[in-house]
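Data block below; observations after.
Just so it is clear, none of the values below were taken in a lab; they were calculated from the coordinates. Predicted model only: the values in this text are computed from it and were never measured. Here Cβ is always computed from backbone atoms with ideal geometry, including for glycine, and neighbour counts include all displayed protein chains.
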Amino acid sequence: MSIRTHYTDAPHKDRHDFSNLRRIVPFLWEYKGRVLGALVLLVMAKVATVGVPLILKEIVDVLGTEKLPLVLPVALLLGYGALRLLNVLFSELRDIMFARVRYHAMRNLSKEVLSHLYSLSLQFHLERRTGGISRDLERGTRGVSAIMNYLVFNIIPTAAEFALVAFLLLGEYAIQFSIVTFTTVFFYIGFTLFLTNWRMHIRHRMNQLDSNANAMAVDGLINYETVKYFNNDHYEINRYDDTLDEWEDCAVKSQTSMSLLNFGQGSIIAIGVTIMMYYATQGVVDDTMTIGDLVLVNALMLQLFIPLNFLGIIYRSLMHSLADIDLMFGLLDKNSDVTDKENAATLNVTQGVVRFDNVDFSYHPERQILHQVSFEIPAGKKLAVVGPSGGGKTTLSRLLFRFYDTDKGSVSIDGQSVNEVTQESLRQAVGIVPQDTVLFNESIYHNIIYARPDATREEVFEASRMANIHDFIVQLPDGYDTVVGERGLKLSGGEKQRVAIARVILKNPKILVFDEATSSLDSHSEQVILSSLAEVAQQRTTLVIAHRLSTIADADIILVLEEGQIKEQGNHQQLLAKKGLYHSLWNLQLQEQDEL
Ligand SMILES: Nc1ncnc2c1ncn2[C@@H]1O[C@H](COP(=O)(O)OP(=O)(O)OP(=O)(O)O)[C@@H](O)[C@H]1O
Ligand SMILES: [Mg+2]
């Protein structure tokens, strides 16, 4: 169950570059026609590129003959211009052709990752940091797009150009020209790869720090209110800045080593070109080569290094992209702790009998939360769970919803274990008003209809009326269109709870769970809602979790849960008669009420 955090799983030693790259192939394959078209255009553009110095040589040679030609070599000049134009044209067409492939892949991947994130368990989502994960996702999809780009626009074209130049040099000129060219290229690539590899760890650290800083900033801003309560702006900013401090050092180091790299590359090219020019000049002096030839070899070699110069950057970016997509594919490979069984059936709720059978449960192996919990809520009845904070009440509702799997024992509805049915059908049947309601930062209307997007406006209003919030909403300046703020913070606690209740009423599930659903309400509003809830809960199996015992005295069964164990069980009268834990809790609350 251990969750690898994304801060630590970055060492590039155990990256799965090869398999990651293979996972990109299907996205290319989906548009094989376009990919092929782009490749053809690319070769055509390269042929035009290499043709340019060839024509230049002809022009120089014509001009260099003893007797100047009577007419300008118009055809050659036009050809020269045309080739340049074609080069640009083919390159642009290639970009257009490939754009769909790239962006489609980005879109599909983003979608796949998001849908995978939703399929992961609550456990995963409680342990992750939203800011960090959205960065990973963003960088990952950008990485895939970049890798495709490099392949189609840099690596393959450079290789093609290389082949063309080699073909020309070997065919037309003395062997030393090829030797110099290829030796230079060899050293150039070797040097680039060596230094880039060395620089890589700096870049990795930078990425980590970047993610950390971002996650920290987002977490702080999400908790804006808490930060202010404790006057901790400076603390948050300092924490952020400490991370950025290290990031800054890394960034400077990264830049310095990049300059070293660029300088080294430039030196290798300078040496290569000088040797090349030496041989070419020698050739012209010896009269084995024309001036045009000299211009040509020089132009060819320099032209070759233009993309190679990029290759250095490409390699670096490629490695970074590989690291980025590794994080993303790592996310995709993360399996959910809670998964549907193969061929899981749909839950078929007939009566709505909920049963917990000898349930043991722990969030962490070292700390067991529930011990041998067994109870049954008969069809259409109301069961209340009371007990001290931290006793495991909310945990019960999470198990019923199958956010987690039990360690031992089973949770079942109408005899069907929640592990055996699809999560979708289970969650269709169960409606929860959670202990802490959080709302989407959208309109109230959106937040309510979220429960059942195909509901009519009238049904939404009706649900709000039952939750005793309709009148409040309509008197707001923007009515149902009022936007509730991030996590619903612009509504009061009680208003939020009532929105959550309206939402569940609209969902109209067979089984209801109310986790402290009315805890933020004043006694009067609570009474109003309780009577609506009693109406809603009629004929429905209901699990109510409450601290205020007066709200659940009418329950058919009351469980007293303490430290994950059921200490007492019975209805209100029976439990009072027992004179145990419930009895003392009840008296305590009566006393408090008297004191008010
Ligand atoms: N995701 C989690 N990971 C680890 N421990 C958890 C997790 N959620 C809850 N716990 C622990 O499990 C115990 C039971 O929590 P639970 O939320 O079920 O208590 P509760 O009875 O609902 O309490 P309250 O009345 O305060 O709402 C608590 O001690 C809590 O710290
Ligand atoms: Mg709770």
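One table, with the values for the structure above:
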| item | result |
| --- | --- |
| Lys, Arg +1 and Asp, Glu -1 on Cβ, resulting dipole of the chain about Cα centre, debye, nearest 20 | 1140 debye |
| Of I566, I189, Q255, farthest towards positive along the dipole that unit charges on Lys, Arg, Asp, Glu beta carbons give the chain | I189 |
| Two-site FRET efficiency, N508 against E366, from Cβ-Cβ distance with R₀ of 35 Å, rounded to 0.05 | 0.30 |
| Within the chain, percent of DSSP bridges classed antiparallel, to nearest 5 | 55 percent |
| In region 15-333, lysine pairs with alpha-carbon atoms under 26 angstrom apart (chain gap of 8 or more, or interchain) | 4 |
| Point-charge dipole on Cβ atoms (K/R +1, D/E -1) for region 354-595, about Cα centre, debye to 20 | 340 debye |
| Ranked by how many other beta carbons lie within 10 Å on average, peptides 354-364, 234-244 from highest | 354-364, 234-244 |
| Degrees separating the helix 17-29 axis from the principal Cα axis of the chain, which is the longest one | 90 degrees |
| Signed unit charges on C-beta, dipole axis of the chain, positive-most listed residue L28, V349, L117 | L28 |
| Using alpha-carbon coordinates, inclination of helix 493-507 to the longest axis of the chain, degrees | 90 degrees |
| Mean Cα-pair separation over length for the chain, i.e. relative contact order, pairs under 8 Å, 6 or more apart, % | 14 percent |
| Residue pairs, from the table K341/K393; K381/K578; K381/K510; K408/K507, whose Cα atoms sit over 19 Å apart | K341/K393; K381/K578; K408/K507 |
| For K381, distant residues with modelled amide H under 5 Å away | T542 |
| Euclidean distance between Cα centres, region 29-59 to region 85-162, Å | 24 Å |
| Region 15-333: radius of gyration and largest Cα-Cα distance (Dmax), Å | 25.7, 91 |
| Cα-based radius of gyration of region 354-595 once divided by 2.2 N^0.38 Å, which approximates compact folds | 1.03 |
| Dipole of the chain, positive direction: furthest Cα of T406, L41, F18, with charges on the beta-carbon | L41 |
| Cβ charges +1 (Lys, Arg) and -1 (Asp, Glu), total dipole of region 163-268, debye | 560 debye |
| The chain: C-alpha pair distances exceeding 39 Å, % | 52 percent |
